[in-house]
Amino acid sequence: MESTTRRNFIKGALGLGGLLATGGCMKATEKPSEWISGAPDVDPVDGKNVKVVRTVCLGCHSACGLQCKTVDGVLAKVSGNPYHPNTAEPHIPYTTDSKEAEKLEGTACAKAGATIQTLYNPNRVMHPLKRVGPRGSGKWKTVTWEQAYDEIIKGGDLFGEGQVEGLSSCRDLTTPADPAAPELGPKANQVVFMPGRIEHGKKEFTDRWFKNAYGTVNNRLDHTSICETSHHVGLDLCFDGSNHIKPDIMNAKYIIFFGTSPYEANFPMQALARKLNFFRERKGKLVIVDPRFSNSAAKADHWIPILPGTDAAFALGMMRWMIENDRVDKRYLSFPSQKAAGVDGHLTWCDASYLVRQDNRKYLRPADAGIKGEEKEYIVVTNGNPAGSESVASADLEFAGEIKGIPVKTVYTMLKERIFEKSLKDYADICELDPEIIERTADDFTSYGRRATVDFYRGPVQHTNGTYTARALAILNFLIGNVSWKGGCEAHGGSHWHEMGGKPGNPFNLGKELHPGKVKAQGVTIDRKKAKYEDSTEFKKNGYPAKRQWFPFAYNNVYQEVFPSIGAQYPYPIKILFTYWNNTVYSSPAGIHQINGIRDPKVLPLHIAIDYVMGETSSWADYILPTLHFLEDWGTPHVAPTILTTTSGVRQPVIERAAKDAKSTEEIFIDLALKMGLPGYGKEGFGPGDPLLAPEDWYKKLVANIAYGDKEGDSVPGDSEAQKVQYVLDRGGRFQDYSKSHKGDHTAHPYKNICIIYNEKLATTRDSMTGEYYDGLPIYEPLKDAMGKIVDVQRDKYPFRVNTYHPVFHAQARTAVSSWLMDFTPEECVEMNAADAKKHGIKHGDMLRVFSSSNPEGVKGKAFVTEAMRPGVISIPHSLGHWQYGSKSFDLDGKPTSARQFVGRGCSANPVMMLDPYLKDVCLQDPIGGSSSFYDSYVAVEKV
Amino acid sequence: METLSSDMENARAEVYQFLGTLLTENLSSESLGNILNVKTASHVKTLFPDPEVHRDFEKLIENFSEGRLTETDIMLDFEALLRIPGPAYICPYESSYRGRKQIQGQTQWGSLNGPSTRAVQRFYQNEHLSVRSELADFPDHIGAEMTFMACLCRQSAQALNTDNEMIVEKLREKQRQFLQKHLLQWSKDFSEELRSRAATLFYRCIADMLSQFLKMEIKSLLSSARIS
């Protein structure tokens, strides 16, 4: 500027100054935190009254670490715990100062954020309730804890309907429940504990109570069979000591997911989705096999819209192509032992070369073959000559002949014969797909060496053929020898420190010790899990079929069988049922029929629900004991093998309980135990001078075990046990460093055992209804009922296959109470293909009735017309359509309670799922793994 | 080359503050009375060499004193231009202008709270400043950006008073950066919108003053200046 102009500028400008009596719109502020993690803004939740607590989420079952901020004792913010491997890649070093770490955040999904609303749910049950009308009539009164405990323990004429036995009189550990069938166990077994969602820490606590203090074998019949149990059982029958696989995503080149949407569900969803983003960035190939074009399919290279229930056929078709085109790792399959396979760097080996007797379906053993060897050793053939599996470097894959007059074949020969029973076109026809899709998939899968994995979750296994399908899919991995390799199939994961003790470093062995006066439960569970029908008195009397199915392989409970078995009083009547966070009626296929099993007090005299809302199932109880939300509670949940580093999350209370009169399960059962004098509780509950009087007494020991570690010298910092425990609690658990995920060419915590193509135990066990042997090889089976008959689905009347899933912002029954989550849930929830809709004159938004042969009345929901669906399939997301859970009022102390209608919006697919045509009171189910069938039902749809 | 002085920096701060406040707040009677008088007109005349600017300002004072322009007119014009999304609304946010598109003759404003909003906020945070949300709802409001420049100018005036050359240069560089990356990216368009849509001469004058002042700034700040 010219000097004169400059002078004028200053003069004029200063003249303007002061004309406006205002300070302007800027203010001084504190120096912000350093730029971190892409979130440079000063955290608005900060200050003197702010407390940070690290815990573990239960918005779904992923068990992500949470970092919760409370302000004046009220939960204000939920984000991810940056120490926890679910929430960050990499997660922060465990030694990071816990106060400094408060400036950092891991990720948390929408469900986690919405836990603020599920915690402060206005429809929580606040006090113990007792029914005052007939069971299920919706009439309740508030009672005190003392009254509830007194009546539950002592019984009496509690409801004006006649005498009801209480816990005390039912605790008979010697008199058989059925004198004619003593193998079923004592009368104490007539008390059942049936939790819905129960996690580690808590499940061991209730096992201690029910099994080892009270003395019932029905100590924990939890939900797994309506989740994915046949996935676990199927894998358990493929491995020795593992039941869960996941791809090593961060190093893989090709992944095919059957029946799961890792960007929306599975465990842990956040970690899977994040790792898959890195995978895709590296140009990894992703394939999704699902009748629905999910979020995951949208990000995949290929979407395969398979006909539900035919995944085993697809897998066998792939195997056929792989064998025909020499894309099988025969070298790996020929290794008969760990020693032999180790030469090539494998940590696993396979039974492909083992000889199987064709007369009795068992493996050939040294004694059979006249060969020296350990009793349990297998026999193989090398250059045509039999040998022990431990004594040779490799064995012939194909052999069929006789050894010492016994007809034998190798497992591989049997597998090949099985695969070649059908042509590739036959398999494709079963799946209702073009054969070229199976060919291309097999070609791709076998083009990445060992850095390819087949993975699956509940989609292929919640069928009557679920276990067989799980095996078929898992075995695809064996054929390319990818187990425990970097980038391949992970069958172990990082696992966890053993909070129950029993390892050299753990100070407290809660599994085997610290329970004075412990009793032993014995007998058969009400769902007949892990029990052989042939060992029963009933079998000796009546032979096949059993009255209801027995499940010798279902070690994870058969949840959907419990209520119908109670109703059928089979194999013995039940007197007292405890349910905990259980919503069988809402969450099971054909769950509305489950009510019939527990409806009648003459059949089930006493039902106590431990719940936090009036749910669809707890509304059928006699007492409701209000319990805690997980943000008020303790636990030590584990993570899935997606996470390759050792991980022990610790759930701890974030706030003083919002429902002041609610109690945790641990508190309830400690109270009952003290009143009943059960062993293992009280001032010397763990032993002399070692009390078990509060949940903290239990969890301090669990966390101490984690803190000290499994090995000697593996402790976290701290001079005393208390300091070590606090170190772990401050971080929300204990987490191995991210860098420890791999060792050389393998994962760091690998599965190091046999991979089983032919399962001898399966092949030599008979179905309790048909008397037929199960199949030890992978096989495709169509939809069958309990009697093994192919189900007539009446496709002419019910043309649509019904599917269900959970969207990324919902999980199970509990998320519908969040208005945030329901606000972005579309009202239209009956998803159908656009061409199908057009054919039926249905437009987007039309109200529809969806009904089945098992539920002619059906459910109602609005149409969501989309191209993103396989034709012939209807898909309804889970978590909607509540008819209790706070969506409806009930009568409490003579007055109606408040209700929030939005909780009941939409509809659920479960009520229209098919009943087993033979049993008629339970859904179709997998006779081996025990999984309930969610995806085999056929429905019809009409506009209303 | 421009010679720096604390007086000059303070003067710049006053102009930034003055214009920033006029674009942020609806003025009280007292404030309007303070501005719309002959004395202020002479300040404007010495400040802005462009004759059209001070001619319009003088006409403004005349209209106001003779009742042809009232406080209510000015207040309503502020609301319509700068607060209430109606036909005259000119979206006084950087991200609205930088994301603006013309589609079939219609203006489609860019989204609020865009990337430039956060970038602006970081500038403020680095100077330990934040916006008073009761006055400016987003950090990239025209008034907030102008007031921020005022703050930087005052800081450099203080630094000049203490002869801290290094700080002065840093502050001048921050001013340059902020002008180049933010304020100058959209202020010309904003001024044009303000001028064309203002119903009153008051806001047309402000548009002219804003435009003129920022032209001066471009000339003086964006050439190298030495400290006197």
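The values are calculated or read from the model by the stated rules, or taken from the named source; none is laboratory data. Quick caveat: nothing in here was measured; it's all calculated off a predicted structure. Please note: Cβ atoms are built from the backbone with ideal geometry, for glycine as well, and neighbour counts cover all protein chains shown.
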key: Residue list for the range A:156-185, restricted to those being part of a loop (DSSP other than H, G, I, E, B), in contact with a helix residue (DSSP H, G or I) (Cβ under 9 Å, 6 or more places away or on another chain) and surrounded by 14 or more Cβ atoms within 10 Å (Cβ to Cβ)   = A:L158, A:G166, A:R171, A:D172, A:L173, A:A177, A:D178, A:A181
ask   = B:A136 is checked against (1) at pLDDT 90 or above; (2) in a loop (DSSP other than H, G, I, E, B); (3) crowded, with 20+ Cβ neighbours inside 10 Å and fails just one. What number does that condition carry?
value = (1)
inquiry  = Looking at B:L171, B:L210, B:L214, can you tell me which residue is modelled with pLDDT of 95 or more and touching a helix residue (DSSP H, G or I) at 6+ places or on another chain (Cβ under 6 Å)?
reply    = B:L210
ask   = Got a number for residues in the range A:257-281 being aliphatic (A, V, I, L, M) and over 20 Å from the mean Cα position of the chain (by Cα)?
value = 1
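Before we move on, is A:V725 crowded, with 22+ Cβ neighbours inside 10 Å and either of a type in the set (F, W, Y) or at pLDDT 95 or above (or both)? Give the steps one after another, and end with the answer.
Values: crowded, with 22+ Cβ neighbours inside 10 Å: yes; either of a type in the set (F, W, Y) or at pLDDT 95 or above (or both): yes.
Judged against the criteria, A:V725 is a match.
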ask   = If you go through the range B:84-119 one residue at a time, how many are outside any loop (DSSP other than H, G, I, E, B) and free of Cβ contacts under 8 Å to residues at least 24 places away in the same chain?
value = 9
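Okay, residues lined up against (1) out of contact with any Phe, Trp or Tyr (no Cβ under 7 Å at 6 or more places or on another chain); (2) at pLDDT below 95; (3) part of a helix (DSSP H, G or I):
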{"position": "A:G401", "(1), (2), (3)": "yes, no, no"}
{"position": "A:T413", "(1), (2), (3)": "no, no, yes"}
{"position": "A:R418", "(1), (2), (3)": "yes, no, yes"}
{"position": "A:E421", "(1), (2), (3)": "yes, no, no"}
ask   = Would you pick out the residues in the range A:1-27 that are modelled with pLDDT of 85 or more and under 19 Å from B:S133 (Cα atoms)?
value = A:C25, A:M26, A:K27
task = Output the number of residues of the range B:1-26 satisfying the condition of being more than 7 Å from every other protein chain (Cβ to nearest Cβ) and within 23 Å of B:D77 (Cα to Cα).
result = 5
ask   = B:E169 is checked against (1) in a helix (DSSP H, G or I); (2) within 13 Å of chain A (Cβ to nearest Cβ); (3) touching a strand residue (DSSP E or B) at 6+ places or on another chain (Cβ under 9 Å) and fails just one. What number does that condition carry?
value = (2)
query = Filter the range B:27-52 for residues that are surrounded by fewer than 17 Cβ atoms within 10 Å (Cβ to Cβ) and of a type in the set (D, E, K, R); which is farthest from the other protein chains (Cβ to nearest Cβ)?
reply = B:E52
note = Among residues of the range A:464-492 being touching a strand residue (DSSP E or B) at 6+ places or on another chain (Cβ under 7 Å) and assigned to a loop (DSSP other than H, G, I, E, B), the residue farthest from A:V728 (Cα to Cα) is A:T464
request  = Only residues that are in contact with a strand residue (DSSP E or B) (Cβ under 9 Å, 6 or more places away or on another chain) and acidic (D, E): list them for the range A:520-568, please.
outcome  = A:D527, A:E534, A:E561
key: the range B:115-147: number of residues that are under 14 Å from B:P92 (Cβ atoms) and either out of contact with any Lys or Arg (no Cβ under 8 Å at 6 or more places or on another chain) or more than 8 Å from chain A (Cβ to nearest Cβ) (or both)   = 16
query = Picking from A:V356, A:V381, A:V392, A:V408, which residue would you name as being surrounded by 14 or more Cβ atoms within 10 Å (Cβ to Cβ), in contact (Cβ under 8 Å) with a residue 24 or more places away in the chain and under 37 Å from the mean Cα position of the chain (by Cα)?
reply = A:V356
query = In the range A:288-308, which residues are part of a loop (DSSP other than H, G, I, E, B) and either in contact with a helix residue (DSSP H, G or I) (Cβ under 8 Å, 6 or more places away or on another chain) or of a type in the set (K, R) (or both)?
reply = A:D290, A:K299, A:I306, A:L307, A:P308
ask   = Is at least one residue of the range A:198-216 among the aromatic types (F, W, Y), under 21 Å from A:W497 (Cα atoms) and part of a helix (DSSP H, G or I)?
value = yes
message = Condition first: buried (at least 20 other Cβ atoms within 10 Å of the Cβ) and within 14 Å of chain A (Cβ to nearest Cβ). Can you find one or more residues in the range B:97-112 that meet it?
response = no
Scan of the range A:92-134 for residues that are among the aliphatic types (A, V, I, L, M) and either assigned to a loop (DSSP other than H, G, I, E, B) or under 26 Å from A:P268 (Cβ atoms) (or both), ordered by number = A:I92, A:A101, A:L104, A:A108, A:A110, A:A112, A:A114, A:I116, A:L119, A:V125, A:M126, A:V132
